[in-house]
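Inspection log for the structure reproduced underneath, given as structure tokens.
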Amino acid sequence: MDLVEFRTGLDEWLAGHRTELAPTHRGAGTLDEQVAQLAKVKRLTFDADWMRWGWPRLVGGLGGSTLLRAYLGEALTAADLVEPGIYSMTEVLAPTMIDYAAPELAAVMVPRLLRGDETWCQGFSEPGTGSNLATLSCRAVRDDDGWRVNGQKVWTSLAQYATRCVLLVRSGTADSAHRGITALFVDMDTPGITVRPIGTMHGVPEFAEVFFDDVAVPAGRMLGEEGQGWSVAMDLLPFERSTALWHRGAHLQHRLRQLLVTASAGTLDPMQLGETVQMLAALRARSRATQYRMAAGERLGAETSVDKVLLATAEQALFDLAEGALSDAILLGDDPDDARWRSEFLYSRAATIYGGTAEIQRNIIARRLLGLPDHR
Amino acid sequence: MMDAADRDLFAAAVRRATEAHTGTALDAALDEVGWHDALGAEPRVAVSLSFECQGACNATSSALGSVVRAGLGVGPRSAEGPAVVLPALGRWDPPGTLAERLSIRGLGMAALPMAEHIVVPVRGGAGDLVVPVPRGRLTLAHVQGLDPALGLVTVEVDGAHVGSGGVLATGTWAAAVDLARLAVGHELVGAAGAMLELARVHALEREQFGRPIAAFQAVRHRLADTLVAIEGARALLDAAWDDGSSDTAAMAKAMAGRAARVAARHCQQVLAGIGFTTEHPLHRYVRRVLVLDELFGSARALTRVVGNALVVGGPLPAPVPL
């Protein structure tokens, strides 16, 4: 299956199954609706094989280039069938399982994620650990059958819907920094786990706090080796800035098209509009090159921080433009479409915060790409 | 087609030529390494490579004229071919207009006054032409201006009678403009990269408050932003070569111009006092990119074109396909 064949086949299939795939809600929908819609679209695309291309056969895939996954997400996003943020979590979590879980565990679990039978979450950040991940303190202690986990996570997207969690824990001494971190694959229905969703400015409670009170995790649920959690995290983060970011770029392109249709004459400033179009084009060009590097088997690293800075800048530029042109809708409107513009405008404010802040990305670029030591 | 090994050899030869020579000597050196042949056979390799090098080395040449000539299909493929008059600063329509008589407002590269033959792209009522014009008919003036080292020449003619020219097929001038924009885009990106390297080295060497200024986040972030701007522009230039669209080429040129201005601003600030002196090379790059940005449409002008077309209901430029 090559990209051209995939693209043609998928486009045709999407057109033929429009009614089945369409969301039942108008506008962005509630988070419950978004999650249900995502599960439905994943199931339909998995059962029709589209979702299986680009993934290894070991985990229920059909093989083929990762470009196929990139195109699938682009097509689903551009047709407004899935919310790109929650869709793309698969792109981050599945590769981690493939690379680090015991093969038999990955073979059982990953198909459930791909097919939308299960939602998973990623437990990294903590109240005291935002940008400086190496200081995390959620504690895991060995016991007879595996691990006991105690502590707290925060900003855990979709935790309230999740069946499993890729969790980073402190397995070494308190001062062991990045050396003493282990990654675990935790069942969210294990006794001792409490999830509390967090209200957010954009009205979508997609993040949660997760509390672990003496939670038992079997030994076979370790991802990689003990103390290898930092590598798991470092290998996972570039995925957030590759396929997932490509999907987000496609979503922004789609919203730009809708903005042009929605905005009244005279409300869009030509210079600001032209610049936004160019920024989105540059983001797409850069992210496209990253997709091809990934498809060629290149190991992605610090250079994906460039993609993230381009994304965050373009996303804020687009919604700044929208806020100017659609001020009535965003400030006063209560129609579902208005509410969606408002919610996405507000969410765009976080584009320079989530997934590594703008400052962290620039620090990575300075240190790793420009070779500027920081003399900490 | 060049294979990977040929391309590496060619790249090294172009780089050596551009590092060692400038002006007419660079024209000759490029000819010697087969650059004009490569321009015909593999324009992407020839243009991206030599213009990035030219930008990085702050060198000058007649290569932009050769690129326009190649876009117009006017031979021969060598430095010996006729010199081409380029559009005036900030413009991208043909420099000549033909009503009853020929008028020209344009620019030439430094070697134009020495050229044996000069041709002018002309827009006439019946279409575009390439018209040979004897040097004696042209009013030529060397430009000092902001960047004297670039050696631009202004070319003017008011109402000359000239012989007939070659008729250009529809779209040919537009194709030449696309190619020229990519060339200047690569030169801007090359120059921006050179400015970044100057500032980077300075930030590592210059110590204040007991540490290199590279340790200060305010400095680091300026340089990081510069790299982001450069990489965004470079990716869009690559995409423009891939998709062959005029829209993408124009956007890439605009992003390259903007990246070069970002680089000039941040790198000048990081280099601070020394970067303001003529003892340091930065000023040559700052001068160069401000002029280059205006060739075949500045970042500002090309951005306005995109926005103006959209606000009156025009279609969005097609996104580069995956």
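Couple of notes before you dig in:
- Among A:THR156, A:THR173, A:THR352, a tally of other beta-carbon atoms within 10 Å of each Cβ gives an order, fewest to most, of A:THR173, A:THR352, A:THR156.
- Cα-based reach from A:LYS42 at 13 Å (exclusive), listing aspartates and glutamates while leaving out same-chain residues under 8 positions away: A:GLU20, A:GLU83, A:GLU91, A:ASP117, A:GLU118
- Chain B: angle of helix B:43-57 to the longest principal axis, Cα-based, in degrees nearest 10: 50 degrees
- Once C-alpha pairs closer than 8 Å and six or more residues apart are averaged by separation and normalised to the residue number of region B:1-80, the relative contact order reads 36 percent.
- Helix A:304-325 axis, angle to chain A major axis (alpha carbon atoms, nearest 10°): 40 degrees
- Counted by neighbouring Cβ atoms within 10 Å, the residues A:TYR347, A:TYR71 run from fewest to most as A:TYR347, A:TYR71.
- CD proxy at 222 nm, helix term only [per DSSP H run n ≥ 4: -39500 (n - 2.57); per residue of the protein assembly as shown; nearest 500]: -16500 deg cm²/dmol
- Net charge of Cβ neighbours under 11 Å - reference B:ALA149; Lys, Arg +1; Asp, Glu -1: +2
- Cα centroids of region A:127-145 and region A:221-235: 12 Å apart.
- Partner chain coverage, peptide A:65-74 - average Cβ within 10 angstrom: 1
- Residue among B:HIS202, B:HIS117, B:ALA11 farthest towards the positive dipole end of chain B, charges placed on Cβ: B:HIS202
- Sequence ranges B:224-237, B:50-63, ranked by mean other-Cβ count within 10 angstrom, highest first: B:224-237, B:50-63
- Residues B:THR18, A:THR357, B:THR278, A:THR90, ranked from the fewest to the most other C-beta atoms within 10 Å, line up as B:THR278, A:THR357, A:THR90, B:THR18.
- Computed across region B:114-184, the Kirkwood hydrodynamic radius from all distinct Cα-Cα pairs reaches 14.1 Å.
- Cβ charges +1 (Lys, Arg) and -1 (Asp, Glu), total dipole of chain B, debye: 960 debye
- Charge tally in the Cβ shell below 12 Å around A:ALA295, where Lys, Arg are +1 and Asp, Glu are -1, A:ALA295 excluded: +1
- About its Cα centre, chain A has a charge dipole of approximately 780 debye under the convention of +1 per Lys or Arg Cβ and -1 per Asp or Glu Cβ, with nothing else charged.
- Local net charge near A:PHE345, Cβ-Cβ under 12 Å (Lys/Arg +1, Asp/Glu -1): -1
- Long-range Cα-Cα pairs in region A:138-232 (distance over 18 Å), rounded percent: 44 percent
- Projecting the Cα positions of B:THR277, B:LEU302, B:CYS267 onto the charge dipole of region B:172-313 (unit charges on Cβ atoms of Lys, Arg, Asp and Glu, taken about the Cα centre) puts B:THR277 furthest along the positive direction.
- Between region B:192-252 and region B:5-60, the alpha-carbon center distance in angstrom: 23 Å
- Partner shielding of A:302-311 amounts to 3, given as the average count of beta-carbon atoms from other chains within 10 Å of each residue beta-carbon.
- Where N is the number of residues in the protein assembly as shown, Cα Rg divided by 2.2 N^0.38 Å: 1.07
- For B:296-308, mean number of other protein chain Cβ atoms within 10 Å: 4
- Cα-based helix-to-principal-axis angle, B:282-294 vs chain B, degrees rounded to 10: 40 degrees
- Each part reduced to its alpha carbon centroid, region A:151-174 and region A:29-44 end up 23 Å apart.
The numbers here are math on the coordinates, done by the rules we state, and not lab data. This one's a predicted model, so the numbers in the text were calculated from it and none came from an experiment. Positions of Cβ are generated from backbone atoms using ideal geometry, with glycine treated the same way; all protein chains shown enter the neighbour counts.
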